[in-house]
Structures are given as C-alpha cells and as structure tokens.
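Structure record follows, encoded as structure tokens.
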Amino acid sequence: MLIENKFSKYLIYAIGEIALVVIGILIALSLNNWNQKKSERNSETQYIFSLIEDAKT
C-alpha cells in the first residue's frame, strides 16, 4: 500500500508537469502568432502608404 501511494503521488506530479509544459507551449505559440500578425499588419500599412505616395506623384 505504501508503494502504491508513492506511485500515485508521482503519477499525479508527472501529469501536472506535463500539463504545465503543454500550457507553456500553447502560450508561446499564441504570442508568436500575435507577433507575426502584428508584423504583417505593419507591413501592410507601409505598403498602403507607399501606394498612396506613388499615386500622389
């Protein structure tokens, strides 16, 4: 019974660690996607301003 108790505690700890790693990866992916979209929006804005300036000339 003592061995089973230690094993169940270890199993719960291992599952918790895996969950934390997965949550960390998901947060990192979300931040990466957010930064990439922000960069794309900035590029798009610069391209539009460039087109406007070309049209004025």
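The values are calculated or read from the model by the stated rules, or taken from the named source; none is laboratory data. None of these values were measured; they are calculated from a predicted model. Virtual Cβ from ideal backbone geometry, glycine too; neighbours counted across all protein chains shown. Just so you know, the surface numbers come from the protein's heavy atoms only, side chains and all, with ligands and any DNA or RNA stripped out. Shrake-Rupley method; radii C 1.70, N 1.55, O 1.52, S 1.80 Å.
In the chain, a dipole from Cβ-located charges (positive for Lys and Arg, negative for Asp and Glu) runs towards its positive end, and of L20, A55, W34 it is L20 whose Cα lies farthest in that direction.
Can you compute the FRET efficiency between L29 and F7 using 1/(1 + (r/R0)^6), with r the Cβ-Cβ distance and R0 = 30 Å? Round to the nearest 0.05.
The calculated FRET efficiency here is 0.35.
For the chain, the fraction of 1.4 Å probe accessible surface lying on carbon and sulfur atoms is 67 percent. Translational D (Stokes-Einstein, µm²/s) of the chain at 25 °C and 0.890 mPa s when Rh comes from the Kirkwood sum over C-alpha pairs? Result for D is 159 µm²/s. Given +1 at the Cβ of Lys and Arg, -1 at the Cβ of Asp and Glu and no other charges, the dipole of the chain around its Cα centre is 200 debye to the nearest 20. Projected label points at T45 and E17, each 7 Å from Cα along the beta carbon direction, are separated by 4.4 nanometres.
A 1.4 Å probe run over the chain, with the rest of the protein chains in place, finds 98 Å² accessible per residue.
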